[in-house]
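Undergrad: Structure provided below as C-alpha coordinates; questions to follow.
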Amino acid sequence: ILRFKIAKVEPVDLQKSLDVRYGSHGIRLDVYAADAENSRFAVEMQARQEYNLLKRSRYYHSVMDIDQLLKGRSYDELKNNYVIFICVYKLFGRELHQYNFQSKCLQIPDLPYSEERETILLSTEGTADDITPDLRAFLQYVKSSTDETAARMDSDLIRKIHDKVKKIRQNRQLEVEYLKFEELMKESRAEGLSEGIERGRKSG
(Lines give C-alpha, C1' and ligand atoms only; values in the text may rest on other atoms or scores of the structure.)
Protein backbone atom coordinates (compact mmCIF):
# COMPACT_ATOMS: atom_id res chain seq x y z
CA ILE A 1 0.00 0.00 0.00
CA LEU A 2 2.70 2.47 1.02
CA ARG A 3 5.27 1.65 -1.72
CA PHE A 4 8.08 1.45 0.84
CA LYS A 5 9.13 -0.98 3.55
CA ILE A 6 8.70 -0.41 7.27
CA ALA A 7 11.38 -1.88 9.52
CA LYS A 8 9.26 -2.02 12.65
CA VAL A 9 5.77 -0.91 13.69
CA GLU A 10 5.07 -0.14 17.34
CA PRO A 11 3.00 0.53 19.21
CA VAL A 12 -0.24 -0.51 17.52
CA ASP A 13 -3.43 0.80 19.12
CA LEU A 14 -6.82 -0.64 18.21
CA GLN A 15 -9.95 1.53 18.42
CA LYS A 16 -7.76 4.48 19.42
CA SER A 17 -9.67 7.60 20.48
CA LEU A 18 -8.10 11.03 19.88
CA ASP A 19 -9.73 14.18 21.27
CA VAL A 20 -8.40 17.65 20.46
CA ARG A 21 -10.17 19.48 23.29
CA TYR A 22 -13.40 19.41 25.24
CA GLY A 23 -16.37 19.96 22.97
CA SER A 24 -14.45 19.29 19.74
CA HIS A 25 -15.13 16.45 17.34
CA GLY A 26 -13.02 13.50 18.47
CA ILE A 27 -12.07 10.58 16.26
CA ARG A 28 -11.84 6.83 16.84
CA LEU A 29 -9.34 5.00 14.67
CA ASP A 30 -9.63 1.29 13.88
CA VAL A 31 -5.84 1.01 13.86
CA TYR A 32 -3.33 3.67 14.93
CA ALA A 33 0.37 2.90 14.72
CA ALA A 34 3.85 4.42 14.59
CA ASP A 35 7.08 3.16 13.06
CA ALA A 36 10.73 3.47 14.05
CA GLU A 37 10.87 6.93 12.41
CA ASN A 38 7.79 8.00 14.42
CA SER A 39 5.67 8.29 11.29
CA ARG A 40 1.99 7.77 12.11
CA PHE A 41 -0.47 5.47 10.37
CA ALA A 42 -4.25 5.40 10.69
CA VAL A 43 -6.06 2.50 9.02
CA GLU A 44 -9.85 2.43 8.72
CA MET A 45 -12.26 -0.17 7.33
CA GLN A 46 -15.14 1.51 5.51
CA ALA A 47 -18.22 -0.61 4.86
CA ARG A 48 -20.70 2.08 3.78
CA GLN A 49 -20.58 5.22 1.64
CA GLU A 50 -21.75 7.51 4.40
CA TYR A 51 -18.88 9.98 4.72
CA ASN A 52 -16.90 12.36 2.54
CA LEU A 53 -13.66 10.41 2.94
CA LEU A 54 -11.37 13.18 1.67
CA LYS A 55 -12.69 15.76 4.15
CA ARG A 56 -12.71 13.13 6.87
CA SER A 57 -9.07 12.29 6.12
CA ARG A 58 -8.19 16.00 6.21
CA TYR A 59 -9.52 16.18 9.76
CA TYR A 60 -7.80 12.93 10.74
CA HIS A 61 -4.43 14.26 9.54
CA SER A 62 -4.90 17.43 11.61
CA VAL A 63 -5.85 15.56 14.79
CA MET A 64 -2.92 13.17 14.32
CA ASP A 65 -0.58 16.16 14.04
CA ILE A 66 -1.95 17.64 17.26
CA ASP A 67 -1.55 14.29 18.99
CA GLN A 68 2.07 14.15 17.83
CA LEU A 69 3.24 17.70 18.58
CA LEU A 70 3.48 18.61 22.25
CA LYS A 71 3.07 22.19 23.45
CA GLY A 72 6.21 24.28 22.98
CA ARG A 73 7.78 21.91 20.43
CA SER A 74 8.96 22.90 16.95
CA TYR A 75 6.89 22.25 13.82
CA ASP A 76 10.01 20.58 12.41
CA GLU A 77 9.32 17.70 14.77
CA LEU A 78 6.15 16.74 12.90
CA LYS A 79 6.70 13.43 11.15
CA ASN A 80 5.00 11.81 8.17
CA ASN A 81 1.46 10.68 8.66
CA TYR A 82 -0.71 8.43 6.52
CA VAL A 83 -4.48 7.89 6.55
CA ILE A 84 -5.61 4.70 4.83
CA PHE A 85 -9.25 3.79 4.13
CA ILE A 86 -10.03 0.25 2.96
CA CYS A 87 -13.45 0.46 1.29
CA VAL A 88 -15.69 -2.41 0.23
CA TYR A 89 -17.33 -0.41 -2.56
CA LYS A 90 -16.33 1.35 -5.78
CA LEU A 91 -14.75 4.79 -5.37
CA PHE A 92 -15.50 7.88 -7.50
CA GLY A 93 -17.28 5.72 -10.09
CA ARG A 94 -13.84 4.64 -11.36
CA GLU A 95 -12.15 1.27 -11.81
CA LEU A 96 -8.94 1.76 -9.79
CA HIS A 97 -8.16 -0.20 -6.64
CA GLN A 98 -5.93 2.51 -5.12
CA TYR A 99 -6.09 6.31 -5.00
CA ASN A 100 -3.27 8.36 -3.45
CA PHE A 101 -3.71 12.01 -2.46
CA GLN A 102 -0.86 14.39 -1.64
CA SER A 103 -0.48 18.18 -1.61
CA LYS A 104 1.51 19.89 -4.36
CA CYS A 105 2.22 23.33 -5.79
CA LEU A 106 -0.27 24.14 -8.56
CA GLN A 107 2.13 26.44 -10.42
CA ILE A 108 5.11 24.06 -10.24
CA PRO A 109 3.77 20.51 -9.79
CA ASP A 110 7.25 18.96 -9.69
CA LEU A 111 8.48 21.37 -7.00
CA PRO A 112 10.03 19.21 -4.23
CA TYR A 113 7.41 20.19 -1.67
CA SER A 114 5.59 17.88 0.65
CA GLU A 115 3.44 18.27 3.74
CA GLU A 116 4.65 14.76 4.59
CA ARG A 117 1.14 13.45 4.77
CA GLU A 118 -0.80 11.24 2.41
CA THR A 119 -4.32 9.87 2.12
CA ILE A 120 -4.70 6.45 0.52
CA LEU A 121 -8.10 5.07 -0.48
CA LEU A 122 -8.39 1.39 -1.41
CA SER A 123 -11.38 -0.24 -3.07
CA THR A 124 -12.20 -3.94 -3.11
CA GLU A 125 -14.33 -3.29 -6.23
CA GLY A 126 -11.57 -2.05 -8.54
CA THR A 127 -10.97 -3.84 -11.84
CA ALA A 128 -7.90 -2.01 -13.20
CA ASP A 129 -4.42 -3.53 -13.32
CA ASP A 130 -3.00 -0.92 -10.94
CA ILE A 131 -1.75 -2.79 -7.85
CA THR A 132 0.56 -5.66 -6.91
CA PRO A 133 -0.70 -9.26 -6.86
CA ASP A 134 -0.36 -9.35 -3.05
CA LEU A 135 -2.47 -6.23 -2.60
CA ARG A 136 -5.05 -7.52 -5.09
CA ALA A 137 -5.25 -10.79 -3.12
CA PHE A 138 -5.59 -8.84 0.14
CA LEU A 139 -8.50 -6.78 -1.18
CA GLN A 140 -10.22 -9.91 -2.46
CA TYR A 141 -9.75 -11.46 0.97
CA VAL A 142 -11.21 -8.35 2.68
CA LYS A 143 -14.26 -8.77 0.47
CA SER A 144 -14.64 -12.46 1.36
CA SER A 145 -12.47 -13.72 4.23
CA THR A 146 -13.48 -17.37 3.99
CA ASP A 147 -11.45 -20.60 4.01
CA GLU A 148 -12.33 -21.04 0.34
CA THR A 149 -11.03 -17.59 -0.63
CA ALA A 150 -7.79 -18.07 1.32
CA ALA A 151 -7.21 -21.52 -0.20
CA ARG A 152 -7.82 -20.24 -3.72
CA MET A 153 -5.07 -17.61 -3.49
CA ASP A 154 -1.41 -18.47 -3.90
CA SER A 155 -0.26 -15.85 -1.40
CA ASP A 156 1.86 -16.21 1.74
CA LEU A 157 0.45 -12.88 2.94
CA ILE A 158 -3.13 -14.13 2.79
CA ARG A 159 -2.20 -17.41 4.50
CA LYS A 160 -0.66 -15.48 7.41
CA ILE A 161 -3.64 -13.13 7.68
CA HIS A 162 -6.16 -15.97 7.48
CA ASP A 163 -4.36 -17.92 10.22
CA LYS A 164 -4.68 -14.86 12.49
CA VAL A 165 -8.35 -14.42 11.57
CA LYS A 166 -9.13 -18.05 12.41
CA LYS A 167 -7.40 -17.75 15.80
CA ILE A 168 -9.44 -14.66 16.64
CA ARG A 169 -12.67 -16.36 15.57
CA GLN A 170 -11.83 -19.32 17.82
CA ASN A 171 -11.10 -17.07 20.80
CA ARG A 172 -14.38 -16.85 22.68
CA GLN A 173 -13.26 -13.94 24.88
CA LEU A 174 -12.32 -11.80 21.87
CA GLU A 175 -15.64 -12.61 20.26
CA VAL A 176 -17.52 -11.52 23.39
CA GLU A 177 -15.50 -8.27 23.56
CA TYR A 178 -16.23 -7.58 19.89
CA LEU A 179 -19.97 -8.11 20.37
CA LYS A 180 -19.92 -5.78 23.40
CA PHE A 181 -18.13 -3.13 21.36
CA GLU A 182 -20.58 -3.54 18.46
CA GLU A 183 -23.51 -3.07 20.86
CA LEU A 184 -21.85 0.00 22.39
CA MET A 185 -21.42 1.53 18.92
CA LYS A 186 -25.12 0.94 18.16
CA GLU A 187 -26.08 2.66 21.43
CA SER A 188 -23.75 5.58 20.68
CA ARG A 189 -25.26 6.03 17.22
CA ALA A 190 -28.78 5.96 18.69
CA GLU A 191 -27.82 8.53 21.35
CA GLY A 192 -26.21 10.75 18.70
CA LEU A 193 -29.34 10.59 16.54
CA SER A 194 -31.57 11.47 19.49
CA GLU A 195 -29.31 14.40 20.46
CA GLY A 196 -29.26 15.65 16.87
CA ILE A 197 -33.06 15.60 16.64
CA GLU A 198 -33.33 17.53 19.92
CA ARG A 199 -30.82 20.16 18.73
CA GLY A 200 -32.74 20.46 15.48
CA ARG A 201 -35.98 21.15 17.36
CA LYS A 202 -34.32 23.83 19.52
CA SER A 203 -32.79 25.58 16.52
CA GLY A 204 -36.06 25.52 14.62
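The values are calculated or read from the model by the stated rules, or taken from the named source; none is laboratory data. Predicted model, so just to flag it, every value in this text is computed and none were measured. Backbone-built Cβ (ideal geometry, glycine too); neighbour counts: all protein chains shown. SASA here: full protein model, heavy atoms, side chains in, ligands and nucleic acids out. Shrake-Rupley method; radii C 1.70, N 1.55, O 1.52, S 1.80 Å.
Undergrad: What list of ³J(HN,Hα) couplings, whole Hz, do you get for region 37-44 from phi and the Karplus terms 6.51, -1.76, 1.60, once you set θ to phi - 60° and write x for glycine and proline?
TA: Here the 3J(HN,Hα) series is 8, 6, 5, 10, 9, 10, 10, 10 Hz.
Undergrad: Name the residue farthest towards the positive end of the dipole of region 1-61 from the options P11, Y51, A33, assuming +1 on Cβ of Lys and Arg, -1 on Cβ of Asp and Glu, about the Cα centre.
TA: My answer, from the dipole projection, is Y51.
Undergrad: So what does F138 come to for accessible area, using a 1.4 Å probe and Å² rounded to 10?
TA: Approximately 40 Å² of F138 is accessible to the 1.4 Å probe.
Undergrad: For region 1-105, what is the relative contact order in percent, using Cα pairs closer than 8 Å and at least 6 residues apart in sequence?
TA: 24
Undergrad: Now for a separate question. If D19, D134 are ordered by their accessible area, calculated over protein heavy atoms with a 1.4 Å probe, which sequence runs from highest to lowest?
TA: D19, D134
Undergrad: Now for a separate question. How do Y141, Y113 rank by accessible surface area computed with a 1.4 Å probe, from largest to smallest?
TA: On the way: Y141 10, Y113 105 Å².
Ranked from most to least accessible, the order is Y113, Y141.
Undergrad: Taking a probe of 1.4 Å, how large is the accessible area per residue of region 1-136, in Å²? Walk me through the numbers on the way to the answer.
TA: On the way: 8950 Å² over 136 residues.
Result: 66 Å² per residue.
Undergrad: Order the following by accessible area, largest value first: I66, I86, I161, I1. Probe radius 1.4 Å; ligands, DNA and RNA are ignored.
TA: On the way: I66 95, I86 10, I161 45, I1 70 Å².
Output order, biggest surface exposure first: I66, I1, I161, I86.
Undergrad: Between S144 and N38, what is the label-point separation in nm under the 7 Å Cα-to-beta-carbon projection?
TA: 4.6
Undergrad: Round to a whole number: what % of the accessible area of region 52-140 belongs to carbon and sulfur, probe 1.4 Å?
TA: On the way: 2820 of 5430 Å².
The C+S portion of the solvent-accessible surface of region 52-140 is 52 percent.
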